[in-house]
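The values are calculated or read from the model by the stated rules, or taken from the named source; none is laboratory data. Owing to the predicted nature of the structure, the values given are computational and were not obtained by experimental measurement. No Cβ is skipped: glycine too gets one built from the backbone with ideal geometry, and neighbour counts run over all protein chains shown.
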């Protein structure tokens, strides 16, 4: 199978190319930035170039995007151009070329203001049934691109799956207050409870989506580490998260105390990956209990793939919000 990976010089794009190159698939990496993992240097805004890159392609993994940190460095028009027009170009040419599987990388940031809770409300249980309420141009353009994917499935029969990924980047948190109050490794360990996923698990979800798209047709999936929390925990999570973590992951306190770490006092949402595990056969390996086991034995908590790819520096600029 010939697979086109857009954004191949980026964080997820590189990880996908690295992984697919070790299989029998032929991989074309497309990016505006040259790298070892990009065989086609060009822009997804160039429709004629996209058409040439799509020749003979069986499947597309579309990761190229302007990201949330770019909100303060790029114009709203830039976001529309890259995230909407670029996606449209790829969908048009994929449909024309007879591509049978198109996977679009979206984001849990698309939920936006749906995660803003009134005082006294329980934490939000976020499944694919929650309607996104984008709170910035990034979210607007990602949800619009998702809608384009559904449109092309409906009108052209193009099998399209949307993967809304939670946090997997290695850079420090974009909230200054969090940076000041917590060690960065502490923050990331906490986030595996409700809003983080390892890069290797993100890649495995994309590969499975590539395979399952023709039989599913269209679908949207949350890609986040499996949380130990249950719906009955939501009220307590909002007011006393450490109590709930002790209930669901007994013994975590000793390891945290040994390191001088602390749990967040409140958790406001839980991303639920049940649909992706069921429909895609996805089996994420890296969760809070995995992290805790490795902390106890002083081993690396990240996957080998995440370590190899490292940081791309997308988050050097502070974002306009902490979502």
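Annotations for the structure displayed:
- A single member of 259, 238, 196, 212 is closer than 17 Å to residue 168 by Cα and either touching a residue at least 60 places away in the same chain (Cβ under 8 Å) or in contact with a strand residue (DSSP E or B) (Cβ under 9 Å, 6 or more places away or on another chain) (or both), and it is 196.
- Given (1) more than 16 Å from the chain's Cα centre (by Cα); (2) surrounded by fewer than 23 Cβ atoms within 10 Å (Cβ to Cβ); (3) farther than 22 Å from residue 96 by Cβ, number of the condition residue 69 does not satisfy: (1)
- Remark: residue 88 falls outside the filter, which requires a residue to be touching a strand residue (DSSP E or B) at 6+ places or on another chain (Cβ under 7 Å) and either under 22 Å from residue 48 (Cβ atoms) or in contact (Cβ under 8 Å) with a residue 60 or more places away in the chain (or both).
- Only a single item in (1) crowded, with 18+ Cβ neighbours inside 10 Å; (2) at pLDDT below 95; (3) more than 21 Å from residue 106 (Cβ to Cβ) is not met by residue 311, and it is number (1).
- For the stretch 179-206, filtering for residues that are under 30 Å from residue 59 (Cα atoms), assigned to a helix (DSSP H, G or I) and touching a helix residue (DSSP H, G or I) at 6+ places or on another chain (Cβ under 7 Å) leaves 6.
- From the list 225, 276, 254, the one residue that fits, being in a helix (DSSP H, G or I) and touching a strand residue (DSSP E or B) at 6+ places or on another chain (Cβ under 8 Å), is 276.
- When residues in the stretch 89-109 are screened for being buried (at least 20 other Cβ atoms within 10 Å of the Cβ) and modelled with pLDDT of 95 or more, 14 of them pass.
- Lone qualifier among 286, 290 - being within 14 Å of residue 196 (Cα to Cα), more than 15 Å from the chain's Cα centre (by Cα) and either modelled with pLDDT of 95 or more or surrounded by 12 or more Cβ atoms within 10 Å (Cβ to Cβ) (or both): 290
- Annotation: residue 261 fulfils all but one of (1) at pLDDT 95 or above; (2) crowded, with 16+ Cβ neighbours inside 10 Å; (3) assigned to a loop (DSSP other than H, G, I, E, B); (4) under 19 Å from the mean Cα position of the chain (by Cα); the unmet one is (4).
- Per the conditions (1) out of contact with any helix residue (DSSP H, G or I) (no Cβ under 6 Å at 6 or more places or on another chain); (2) buried (at least 20 other Cβ atoms within 10 Å of the Cβ), the sole criterion not satisfied by residue 176 is (2).
- There is at least one residue in the stretch 110-118 that is over 21 Å from residue 165 (Cβ atoms) and surrounded by fewer than 15 Cβ atoms within 10 Å (Cβ to Cβ).
- Taking the conditions (1) at pLDDT 95 or above; (2) surrounded by fewer than 15 Cβ atoms within 10 Å (Cβ to Cβ) in turn, residue 233 satisfies each one other than (2).
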